[in-house]
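K.L.:
Starting off with a structure, shown below.
The values are calculated or read from the model by the stated rules, or taken from the named source; none is laboratory data. Note that this is a predicted model, so its numbers are computed, not measured. All Cβ positions, even for glycine, are placed from backbone atoms using ideal geometry, and neighbour counts span all protein chains on display.
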Amino acid sequence: MPSKRRRVAPKRGRKRSGGSPLAALLTLAIAAGLAATVLVRCTHSASTTASTSSSAAHHATEEATPAEEPSAEASPAASEETPTPEPTESPEPTPSPVKAPPAVVSPTVVPSVATAVPLPSRPVSRASGNARLAIIIDDCGQWRDTELALIALPIPITMSVLPHTAYGTEIAQAASDAGKGVMLHLPMEPMAHLNPGPGKIMTDMSDADIESTVRADLANVPLARGVNNHEGSKATSDERVMHDVASVVAQENRFFIDSRTAGTSVAEEVARDAGIPVAGRDVFLDNKADVDFSETQLLEAARIAKANGSAIAIGHPKPTTLAAIRNLIPKLEAEGITFVLAEDLVERSSASSQSHGAPASPASSGSDSGG
């Protein structure tokens, strides 16, 4: 017979479906706390992120907007990143000084080496034009710079050198090397009883003394191809004296130009009778040391050259004379004036030479101060 199994009643315990109300409340409280914590953390994180973004944006704005003045504490890196821009164009170069015309010093100033070298001059023209003009510069050998500047002019010019002067040999050589003319400026006695300088010819000298003195003066300026008188208003008016002078000039095969320091001069007549090529001055350029005056005188010489075919103007180593000649060279050449050496105007026939035997015009009448 089957045995009867005893039914065992289940054990009673806590209900699983709900639990106690206190436990439920505790669980809810814990869950709520956790949720609040999570929410607070999330909110704080979001706030921090937003603050950081705002700060970054603010700093970005400050960097984008340049300050009115650069910070004194700017780092080298920042300076390297924004270097000062280089100029796009180079500054204009400082212009080099224009070589003016050669510097000329006052005759009382010792010349400098810098201005002593003559500029290259164009070849001397011996062409026979319709209006030929010779310029003679007297009293050379004393004012080196001015004389060298005159030699450097781009025209034929004749330098008349005094004997026994400081720079006479140098000036004569410089003129010869440049193809310019060289003459002896023979010191002769004036009416004013002034001393005309070393190597002078005086009316109370014997014939032998006059001749030996003229020879010595020519020997002191050996490059001279001709002679004209320095001062000499009294000596050139003395026929005996001029015969002695002309005798040596003829023997030495030189020409003679009368500076015409006196209306009573017999120099041209006596020289011509001795067979010497001869001529006389027409105009003095610089009885006044004034550029305008010398320009007016040079224009007068050009007028005479146009009228008579030739003219001789005598000037001196003055800065004003140099300036006047330089200023008028282009104008006179454009008007048909041909500049020549003094020698070119004495190597002519006797008839032609007579044109220079007429008295100088009143506007240019001479005196010992001009010779």
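K.L.:
Looking at (1) crowded, with 21+ Cβ neighbours inside 10 Å; (2) at pLDDT 95 or above, find the lone condition where E300 falls short.
P.N.:
Among (1) crowded, with 21+ Cβ neighbours inside 10 Å; (2) at pLDDT 95 or above, the lone unmet condition for E300 is (1).
K.L.:
Another question, then. So, of the residues in segment 163-185 that are of a type in the set (G, A, S), in contact with a strand residue (DSSP E or B) (Cβ under 7 Å, 6 or more places away or on another chain) and assigned to a helix (DSSP H, G or I), which turns out to be farthest from L298 (Cα to Cα)?
P.N.:
Here the residue is G168.
K.L.:
Would you please name the residue that is surrounded by the fewest Cβ atoms within 10 Å (Cβ to Cβ), looking only at residues in segment 313-371 that are among the basic types (K, R) and modelled with pLDDT of 75 or more?
P.N.:
In this case the residue turns out to be K331.
K.L.:
Taking interchain pairs and intrachain pairs at least six residues apart, which have beta carbon atoms under 8 angstrom, with the first residue in segment 232-248 and under 15 Å from P187 (Cβ atoms) and the second among the hydroxyl-bearing types (S, T, Y) and part of a helix (DSSP H, G or I)?
P.N.:
M242/T236
K.L.:
Confirm whether A208 is more than 14 Å from W143 (Cα to Cα), of a type outside the set (S, T, N, Q) and free of Cβ contacts under 8 Å to residues at least 40 places away in the same chain.
P.N.:
Spelling it out, A208 is indeed more than 14 Å from W143 (Cα to Cα), of a type outside the set (S, T, N, Q) and free of Cβ contacts under 8 Å to residues at least 40 places away in the same chain.
Matching residues to (1) under 24 Å from P330 (Cα atoms); (2) in contact with a helix residue (DSSP H, G or I) (Cβ under 9 Å, 6 or more places away or on another chain); (3) not in a loop (DSSP other than H, G, I, E, B):
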| residue | (1), (2), (3) |
| --- | --- |
| L133 | yes, yes, yes |
| I136 | yes, yes, yes |
| Q142 | no, yes, no |
| G197 | no, no, no |
| T203 | no, yes, no |
| E211 | no, yes, yes |
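K.L.:
Regarding A134, is this residue over 27 Å from G309 (Cβ atoms) and either modelled with pLDDT of 95 or more or in contact with a strand residue (DSSP E or B) (Cβ under 8 Å, 6 or more places away or on another chain) (or both)?
P.N.:
no
K.L.:
For segment 286-298, which residues satisfy the criterion of being assigned to a loop (DSSP other than H, G, I, E, B) and farther than 20 Å from S265 by Cα?
P.N.:
Within segment 286-298, D286, K288, A289, D290 qualify.
K.L.:
Within segment 299-345, how many residues turn out to be in a helix (DSSP H, G or I), among the small types (G, A, S) and more than 28 Å from the chain's Cα centre (by Cα)?
P.N.:
Of the residues in that region, 5 qualify.
K.L.:
Could you please find all residues in segment 151-162 being surrounded by 24 or more Cβ atoms within 10 Å (Cβ to Cβ) and not in a strand (DSSP E or B)?
P.N.:
Passing the criteria: P156, I157, L162.
K.L.:
Could we say that L298 is hydrophobic (A, V, I, L, M, F, W, C) and out of contact with any Lys or Arg (no Cβ under 8 Å at 6 or more places or on another chain) here?
P.N.:
So L298 passes the test.
K.L.:
Go through the residues of segment 276-294 one by one and say whether even a single one is in contact with an Asp or Glu (Cβ under 9 Å, 6 or more places away or on another chain), within 20 Å of V340 (Cβ to Cβ) and hydroxyl-bearing (S, T, Y).
P.N.:
Yes, there is a match, as at least one residue in segment 276-294 is in contact with an Asp or Glu (Cβ under 9 Å, 6 or more places away or on another chain), within 20 Å of V340 (Cβ to Cβ) and hydroxyl-bearing (S, T, Y).
K.L.:
Continuing with the same structure: Could you tell me which numbered condition L218 fails, if it satisfies all but one of (1) under 30 Å from R303 (Cα atoms); (2) under 45 Å from the mean Cα position of the chain (by Cα)?
P.N.:
For L218, the exception is condition (1).
K.L.:
Take G263 and decide whether it is closer than 19 Å to I314 by Cα and surrounded by fewer than 21 Cβ atoms within 10 Å (Cβ to Cβ).
P.N.:
Taking the combined requirement at face value, the residue satisfies it.
K.L.:
If you go through segment 164-195, how many residues are buried (at least 24 other Cβ atoms within 10 Å of the Cβ) and closer than 27 Å to E239 by Cβ?
P.N.:
8
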